[in-house]
Each structure stands twice: as structure tokens, then as C-alpha cells.
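To start, the structure itself, in C-alpha cells.
The values are calculated or read from the model by the stated rules, or taken from the named source; none is laboratory data. In this text the structure is predicted, and so the values were computed from the model without any measurement. When we count neighbours, we look across all protein chains shown, and the Cβ atoms used for this are built from the backbone with ideal geometry, even at glycine.
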Amino acid sequence: MKVLVAIKRVIDYHTKIRVKADGSGVETRNVKMAMNPFDEIALEAAIRLKEAGQASEVIVVSCGTSECQETLRAGLAMGADRAILIETSEELQPLAVAKLLNAVVNKESPQLVFLGKQAIDDDANQTGQMLAGLLNWAQGTFASNIIINNDKIEVEREVDGGLEKVSLKLPAIVTADLRLNEPRFPSLPNIMKAKQKPLEVISASSLNIDIKPRLTVLKIESPPIRKQGVKVNTINELFNKLHVTEKVL
Amino acid sequence: MSVLVIAEHDNQKLSTSTLSTITAATILASDVTLLIAGYDCSSVCESASRIAGVKKIITSDIGCFKVPLAEDLVALTQLIANDYTHILAPASTFGKNVIPRLAALLDVAAITDVILIENDNTFKRPIYAGNAIATVQSQDRVKVMTIRPTAFESAPTQDSPAPIQTLGYTSQNTLSEFIAIETHQSERPELTSAKIIISGGRGLQNAEQFKIIERLADRLHAAVGASRAAVDAGFVPNDYQVGQTGKVVAPDLYIAIGISGAIQHLAGIKDSKIIVAINKDPDAPIFEVADYGLVADFFAILPEFENVLTQLGY
Ligand SMILES: Cc1cc2nc3c(=O)[nH]c(=O)nc-3n(C[C@H](O)[C@H](O)[C@H](O)COP(=O)(O)OP(=O)(O)OC[C@H]3O[C@@H](n4cnc5c(N)ncnc54)[C@H](O)[C@@H]3O)c2cc1C
Ligand SMILES: Nc1ncnc2c1ncn2[C@@H]1O[C@H](COP(=O)(O)O)[C@@H](O)[C@H]1O
């Protein structure tokens, strides 16, 4: 069983982002980039399937600029077998990514596609569901546990009310939530080995897919800042503020 | 403009997030239709028909919608999608599961977590864990989006009920099957609509000590939240998680105990009216957003805390 994992290059989650003064976006120059944390979890799930003998090959795919090769190499170092970059310098929105991934799926015919539940830059939480729709496959979003059983996958989903279990016919789409696993750190030998693994670059324009953004971003601004708070010294003082000043208790 | 709202409910009543979504819908149009797919859900339809702004209810009361799967709910919505300029659902795990799949099949963008409606094609939504706000404009023929419930009031009720119409549907879904749901029943208010929330983090150290938070919450009639670290460590179930990838809350009072204040956690609490932090580390980032901060070891001040509650009559 072939498994595909979609990984996105995003600003490292430790970084405090800076909104550009002209409202055109968020500063990405000289900012540390990394694999989207949910995609690391998705990839870890795929690698574990391979280690358990349930997957034969793990392919990582990224859509974006040539710099995404770095992210793909990180995926190869974690344990993916090969990588595909769908290269474009256009701005990509989730529907466009889903369409590009759809083309890769048609070419590679995986039985399972893992994605992160959301990218921590656009916070869209859309691409996996969109890809599932385009392919007319089942979707198991927000997965916190998976069990493969012959031609089916059982997915435990983190939903607002608790945990939901669904059974999906393969091929299927699974999007990873935080508690699916703890991704490994690549070892130095594996980082070296990753340099030799195949990384195919396909230009997005060669796929003849309409990837034009559907949403025009008019403005990116900073959120309103909360006013500076105060420190109190005792619980009594705290509750006095809450009760008398703020009247929230 | 004609707006369709996909309702989230438990076959008994609408979720409060759906009530907020209806309010958002009424900003777009006076003609709001509510789609209620469920099983044995006539009581939902009846009470929903008396919500202000709802002009019509379309319902599919069929076994497969008892706990709806995206595959079915999207196929159902597609039957009527062309009648609408906007299709909305709450930005809950329910709405986020369904809306993007629907959007892709309609070949339009989806807009996640709308917090402000500027006009019928321009919307604001948070990105980067709420550290930036994007204003986006859609040219798509139908705008498909999820609404962040905390950004809109609950829709009130009205006297004259809206008509209820039935929509036939036969499931062709051989892709997916619902197996089970494990929900955590609790008498406490829901996190996303609570007036007071007490949240605990890794600082609580273990599940046993986390119960102290629950006890305080019960005295204050508050909801209980948690940081990701507290959930990961197994102190509380996953649905307690507040933050970028958990629940977004907006209570009058949010009390964070033993939570450091990572940006991912702050993303979920920034719209709280008053934030209180109790943390033994004076440099914890939570103090940068807290309206009132108390540097203290929580366990050391607990007796005082309980005393004050008694004095205030809680
Ligand atoms: C992709 C991604 C998504 C994430 N999403 C979320 C999310 O949605 N929600 C979320 O919360 N996190 C999220 N996180 C995790 C986040 O980055 C932090 O790791 C997490 O919030 C830390 O939880 P914490 O504050 O409980 O633990 P810690 O950071 O370990 O803080 C514990 C705090 O407790 C204090 N403390 C210890 N003992 C005491 C005591 N006796 N009395 C008082 N104070 C005490 C310490 O001083 C410390 O500040 C996400 C991370 C990633 C990578
Ligand atoms: N440009 C991209 N390249 C590869 N995968 C992506 C890309 N954008 C999004 N994804 C995948 O889709 C998931 C959800 O992203 P989003 O819908 O943008 O929140 C991510 O976690 C990735 O797995």
C-alpha cells in the first residue's frame, strides 16, 4: 500500500510573526521556516504504517516554491522514501492545493493520503476535506488514532463533544490532529541518507490546473491589542478587582 | 441574497454555535434558510422555526443523519446548494468537516472562521493563531464559509414560526460508516458559550490535582478548559482543549491556572473580557495578556482562594 503525505512549509511555530506595516502580509524574509507541525504528525503516522509492514512506500508532496525542497528533505530524513515538489511561485489557496494534490493522487494511486488538519499559517483547515471531495473518497478528519483493517481504516476523530469513531473504505483521506502521535526527530545518518533519496520536481503549470486564488486578500492587519494588565499581590486583592471593579463575579 | 445555514444539533436542540451562525446569516440577508439534517429531529425543527431571521426550514429526517458524516451531509446540501448565494455553518469541528468538502464540489473557495462580515463578499478572519487578521474578498458565485461563534451573538426567538419543508434523500454513501461517539456528559456550561471559564495547564501536575480546578469551577458555575499540555498528559479529555487548534472561547472571565501562555493557547482566549492568570513564574508569557496576574504557587494559595469564594457566596 502506497501512502502519500502532503506537507507544507510554514513559518516555524516558535516564531512570533510580524505583520507588515503596509497591510500586504506577514514578514517571511529572514524568518525561520519549518514543516507544518500537523504534517509532521501526518508523516509520522505514515512512517509507522511502513514500519509495521502495512505500507510499502511513503511519498511526501509539497506545493510551492523551490524552497519547499528543504521541507521535503526534512520529510525524507524522517523516513519518507521519495518526494514530489509541485513547483510554483503563485500564491496557493487550499482549493488550488487540493487540485494539485488530486493530480498527484491520480498519477501515484496511493491507498491513503495523510494531511495535517490545518496549516498554522492560514489556519484554513480545508485542504484534506477538499481533496476528499474532489476524489470522491471518504474523509477522516482530526484523527487521533487509526487502525487499518484489510480494505478499511478506522479513524478516531477529535470532535468538539469528545471522540468519534468512523470506518472508511480505502482509498481514503486522513487529516492528523495533535494527539495522533509524537513525531520523531530525524537522526544524523538519516539526514545524510535523505540527500540521496529521489526528489521529483513537477512544474505546476505543466499540469494545466487552474490554481488562481479565488479569494483576494485585501488587507492583513494586526489584531487589536489588549490593554496592559496589572499584577495583584493576593487572592483577596484579585477577587476584589473581579467583584468590585470588573463586576464579573 | 439568499443564505443557507447548515445546522449543528444533537437531534434535541440546536447548538449555540448555530444560533450565532444564524445571526451572521441575518447580516447578509433577511432570507435565511436553515438545513436541519438529523434523525428523529422534529423537536429541533420546531424550536428552530421560532428563531428570529429564519424564514424557512428544510429538513431531512433520516437514519443516516443521526450522527451525520460529511460524505452524506455534503451530498444532501449539494441538492439545494444552487439556490443560495451564501452557505454557512458554525466553525466547529462539525462545520469544518463539512464546509470545505462542499466548497470543493461546488468549485469555490471556503472561508474559515469568519469573525466579521463587511459586505456580501468581504469578510475578516484570523490567521497565524489570531496574530493577524485577513480581510478577504470572494468573487465566487456562492460564498461558502464557517462562522466563528464567539464573534456573533446568539439569534433571539420570534413569535411566528417559519414553515418546515422536507427534503428527500437516499444515501448512496458506501465510503464511510459511523461507528461510535464518546461524549463527556457534564452539568457544566459549554466552553464556547460559558460566562466564566477556569482552565488548568501542565502546572496542575496530574489528573488528581486537576480535579481541584473542576471543583472550583463548579462553585463558580464555570466551564472547565485546559491547555494542550494538560490534555496530552491525560489530565482531562481532548474536548477541554482551548486554543488555536482547540476551542476558541470568549467568556466574561477566563482564569488560567498553571498555564504558561503559548501563542497557540492565547489564540483561543484573546476575546475574553477579563483574563486572570495564576502562575508561579513571574516571566510566564500569560502575564502579557492577563488583565490581572497573580504570581503564586497555586497550591499554596488554594485555601485562600476557597475562602474568598465562600465569602462571596459561591
Ligand atoms: C501545532 C500546535 C498547535 C497547538 N495548539 C494548542 C492549543 O490549541 N492549545 C494549547 O493550549 N496549546 C497548543 N499548543 C501547545 C502550546 O505550544 C504549549 O505547548 C502549551 O499550551 C503549553 O501548555 P501549558 O501552558 O499547560 O504548559 P507549560 O508551558 O509547561 O506551562 C506550565 C506552567 O505552569 C506553571 N506552574 C507550574 N506549577 C505551578 C504551580 N504550582 N502554581 C502555579 N503555576 C505553576 C509554570 O510556571 C508554567 O508557566 C499547540 C502547539 C502546536 C505545535
Ligand atoms: N502548499 C501545500 N503543500 C502541501 N501540502 C499542503 C499545502 N497546503 C496545505 N497542505 C496540506 O493541507 C493541510 C491543511 O492545510 P490548510 O487547509 O491550509 O489548513 C496541511 O496540514 C498540509 O497537509
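Having 1 or more residues that are away from ligand 2 (no atom under 16 Å from the Cβ), within 13 Å of chain A (Cβ to nearest Cβ) and among the acidic types (Asp, Glu) is the bar; report the strands (runs of 3 or more DSSP E) wholly within segment B:164-238 that clear it.
Strands (runs of 3 or more DSSP E) meeting the threshold: B:176-183.
So which residues in segment B:95-121 are in a helix (DSSP H, G or I), at the interface with chain A (Cβ under 9 Å from one of its Cβ atoms) and within 15 Å of the chain's Cα centre (by Cα)?
Matches in segment B:95-121: B:96, B:97, B:98, B:99.
Restricting to segment B:142-186, name every residue that is under 23 Å from the mean Cα position of the chain (by Cα) and either closer than 19 Å to residue B:41 by Cβ or not assigned by TED's automatic domain parsing to the domain that holds residue B:109 (or both).
Hits for segment B:142-186 are B:155, B:157, B:178, B:180, B:181, B:182, B:183, B:184, B:185, B:186.
For segment A:18-31, enumerate the residues that are away from ligand 2 (no atom under 15 Å from the Cβ) and either surrounded by 13 or more Cβ atoms within 10 Å (Cβ to Cβ) or within 14 Å of chain B (Cβ to nearest Cβ) (or both). Steps first, please.
First, pick out the residues of segment A:18-31 that are away from ligand 2 (no atom under 15 Å from the Cβ): A:18-25, A:27, A:29-31.
If the condition is that a residue be away from ligand 2 (no atom under 15 Å from the Cβ) and either surrounded by 13 or more Cβ atoms within 10 Å (Cβ to Cβ) or within 14 Å of chain B (Cβ to nearest Cβ) (or both), then A:18, A:19, A:20, A:21, A:22, A:23, A:24, A:25, A:27, A:31 are the ones that fit.
Filter segment A:137-173 down to residues that are of a type in the set (S, T, N, Q) and facing chain B (nearest Cβ under 9 Å), then give me how many there are.
4
Please tell me if residue B:159 is at pLDDT below 95 and either surrounded by fewer than 16 Cβ atoms within 10 Å (Cβ to Cβ) or farther than 26 Å from residue B:272 by Cβ (or both).
yes
If you scan segment B:133-163, which residues turn out to be among the hydroxyl-bearing types (Ser, Thr, Tyr), more than 14 Å from chain A (Cβ to nearest Cβ) and over 14 Å from residue B:27 (Cα atoms)?
B:157, B:160 - these are the residues of segment B:133-163 that are among the hydroxyl-bearing types (Ser, Thr, Tyr), more than 14 Å from chain A (Cβ to nearest Cβ) and over 14 Å from residue B:27 (Cα atoms).
Can you name every residue in segment B:242-262 that is within 8 Å of another protein chain (Cβ to nearest Cβ) and buried (at least 21 other Cβ atoms within 10 Å of the Cβ)?
Those that are within 8 Å of another protein chain (Cβ to nearest Cβ) and buried (at least 21 other Cβ atoms within 10 Å of the Cβ): B:244, B:245, B:247, B:253.
Output the residue which, of all residues in segment B:279-295 that are more than 8 Å from chain A (Cβ to nearest Cβ) and either closer than 13 Å to residue B:216 by Cα or surrounded by 20 or more Cβ atoms within 10 Å (Cβ to Cβ) (or both), is nearest to ligand 2 (Cβ to nearest atom).
B:286
Only residues that are assigned to a loop (DSSP other than H, G, I, E, B) and within 10 Å of another protein chain (Cβ to nearest Cβ): list them for segment B:296-312, please. Let's see the steps before the verdict.
Filtering segment B:296-312 down to residues assigned to a loop (DSSP other than H, G, I, E, B) leaves B:296-297, B:312.
Matches in segment B:296-312: B:296, B:312.
Restricting to segment A:212-235, count the residues that are surrounded by 13 or more Cβ atoms within 10 Å (Cβ to Cβ) and either at the interface with chain B (Cβ under 7 Å from one of its Cβ atoms) or under 28 Å from the mean Cα position of the chain (by Cα) (or both).
Residues of segment A:212-235 surrounded by 13 or more Cβ atoms within 10 Å (Cβ to Cβ): A:213-215, A:217-223, A:226, A:229, A:231-232, A:234-235.
Okay, now just the ones that are also either at the interface with chain B (Cβ under 7 Å from one of its Cβ atoms) or under 28 Å from the mean Cα position of the chain (by Cα) (or both), so A:213-215, A:217-223, A:226, A:229, A:231-232, A:235.
Residues flagged as surrounded by 13 or more Cβ atoms within 10 Å (Cβ to Cβ) and either at the interface with chain B (Cβ under 7 Å from one of its Cβ atoms) or under 28 Å from the mean Cα position of the chain (by Cα) (or both) within segment A:212-235 amount to 15.
Given the criterion more than 21 Å from residue A:94 (Cα to Cα), of a type outside the set (S, T, N, Q) and at pLDDT below 95, identify the matching residue among B:31, B:61, B:83. Walk me through it before giving the result.
Values: B:61 fails: at pLDDT below 95; B:83 fails: at pLDDT below 95.
Unique residue meeting the criteria: B:31.
Residue under question is residue B:271, and the condition is that it be surrounded by fewer than 24 Cβ atoms within 10 Å (Cβ to Cβ), within 14 Å of ligand 1 (Cβ to nearest atom) and not assigned by TED's automatic domain parsing to the domain that holds residue B:151; does it hold?
no
Among the residues of segment A:1-17, write down those that are within 11 Å of another protein chain (Cβ to nearest Cβ) and among the hydrophobic types (A, V, I, L, M, F, W, C).
A:10, A:11, A:17 - these are the residues of segment A:1-17 that are within 11 Å of another protein chain (Cβ to nearest Cβ) and among the hydrophobic types (A, V, I, L, M, F, W, C).
Which residues, counting only those in segment A:54-76, are of a type outside the set (S, T, N, Q), away from ligand 1 (no atom under 16 Å from the Cβ) and crowded, with 21+ Cβ neighbours inside 10 Å?
A:55, A:58, A:59, A:60, A:61, A:63, A:64, A:68, A:72, A:75, A:76
Restricting attention to segment B:162-200, report how many residues are of a type in the set (S, T, N, Q), touching a strand residue (DSSP E or B) at 6+ places or on another chain (Cβ under 7 Å) and within 30 Å of residue B:214 (Cβ to Cβ).
Count: 3.
Of the residues A:183, A:198, only one is under 20 Å from residue A:55 (Cβ atoms), more than 14 Å from every other protein chain (Cβ to nearest Cβ) and either in contact with a strand residue (DSSP E or B) (Cβ under 6 Å, 6 or more places away or on another chain) or modelled with pLDDT of 95 or more (or both); which?
The unique qualifying residue is A:198.
Go through segment B:273-314 and report how many residues are basic (Lys, Arg) and under 30 Å from the mean Cα position of the chain (by Cα).
Final tally of qualifying residues: 1.
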